[in-house]
1. If you go through the range 90-102 one residue at a time, do you hit one that is surrounded by 14 or more Cβ atoms within 10 Å (Cβ to Cβ), touching a residue at least 40 places away in the same chain (Cβ under 8 Å), in contact with a Leu (Cβ under 9 Å, 6 or more places away or on another chain) and not in a loop (DSSP other than H, G, I, E, B)?
2. Taking the options Thr44, Thr99, Thr129, name whichever one is of a type outside the set (Phe, Trp, Tyr) and over 17 Å from the mean Cα position of the chain (by Cα).
3. Looking at Leu2, Leu18, which one is open to solvent by 60 Å² or more (accessible area, probe 1.4 Å), aliphatic (A, V, I, L, M) and modelled with pLDDT under 85?
4. Suppose the filter is over 17 Å from the mean Cα position of the chain (by Cα) and either closer than 18 Å to Gly51 by Cβ or not polar (S, T, N, Q) (or both); does Arg146 pass it?
5. Mind listing just one residue for me: the one in the range 137-173 that is at pLDDT below 90 and within 30 Å of Asp97 (Cα to Cα) and, of those, least open to solvent (accessible area, probe 1.4 Å)?
6. For the range 49-61, enumerate the residues that are open to solvent by 60 Å² or more (accessible area, probe 1.4 Å) and under 12 Å from Thr125 (Cβ atoms).
Amino acid sequence: DLITIVDITNRKQAEKKLLNTTSQMQSIFKAFPDLVFILKPDGTLIDYKTGKESELFLPPEEFLGKRIHNVLPPDIVPLLENAIQEAANTRTMTSVDYTLSMPRGEQVYEARILPLLEDQLIAVTRNITDQKRTEEALRESEEKYRIIVETALEGIWAIDADANTTFVNQRMA
């Protein structure tokens with residue numbers, strides 16, 4: 001009788017490591033507040049994950065298995081298709097901002113698209129509406145401040161704690 005013994009220690013260690021890595025990645029994605037889409041280079045949406053169903057533009061049954069140009073507004077499709085193609089062709093991350101009309105109003109999203117597998121990409125999509133509104137409010141506030149300072153009839157002179165001049169308006173100059 002012939003007995004063959006095959007040492008599968010390395011294979012079992014690799015399987016255990018893969019299982020641990022997979023488990024870690026699943027935990028990370030569960031903790032993510034962002035939308036995550038898995039798609040093909042042609043823009044076909046094949047899977048998704050979300051922390052908030054309210055962030056989805058459409059119910060999953062209306063977009064899974066379909067290409068983005070069939071489910072998203074025509075004005076943003078070229079932006080996303082270009083970013084998808086760039087990520088697929090260069091095998092690097094691309095990023096694009098776009099606006100969607102949602103039930104709670106216009107929402108701004110940032111999509112970071114990265115290669116995942118040879119024939120798949122991942123799009124990590126974050127709602128950045130509050131950030132954009134804050135940036136706009138800051139720009140408006142700075143513009144109002146600039147106008148007030150430039151048109152003031154009085155001179156404005158600012159110094160720091162060491163009595164160094166940090167600013168003077170035109171009137172003071």
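The values are calculated or read from the model by the stated rules, or taken from the named source; none is laboratory data. Note that this is a predicted model, so its numbers are computed, not measured. As a convention, Cβ positions derive from the backbone with ideal geometry for all residues, glycine included, and neighbour counts pool all protein chains shown. We work out accessible area using only protein heavy atoms, side chains counted, and drop any ligands, DNA or RNA first. Shrake-Rupley method; radii C 1.70, N 1.55, O 1.52, S 1.80 Å.
1. yes
2. Thr44
3. Sole residue among the options that is open to solvent by 60 Å² or more (accessible area, probe 1.4 Å), aliphatic (A, V, I, L, M) and modelled with pLDDT under 85: Leu2.
4. So Arg146 passes the test.
5. Checked the range 137-173; the qualifying residue least open to solvent (accessible area, probe 1.4 Å) is Arg146.
6. Correct list: Lys52, Phe57.
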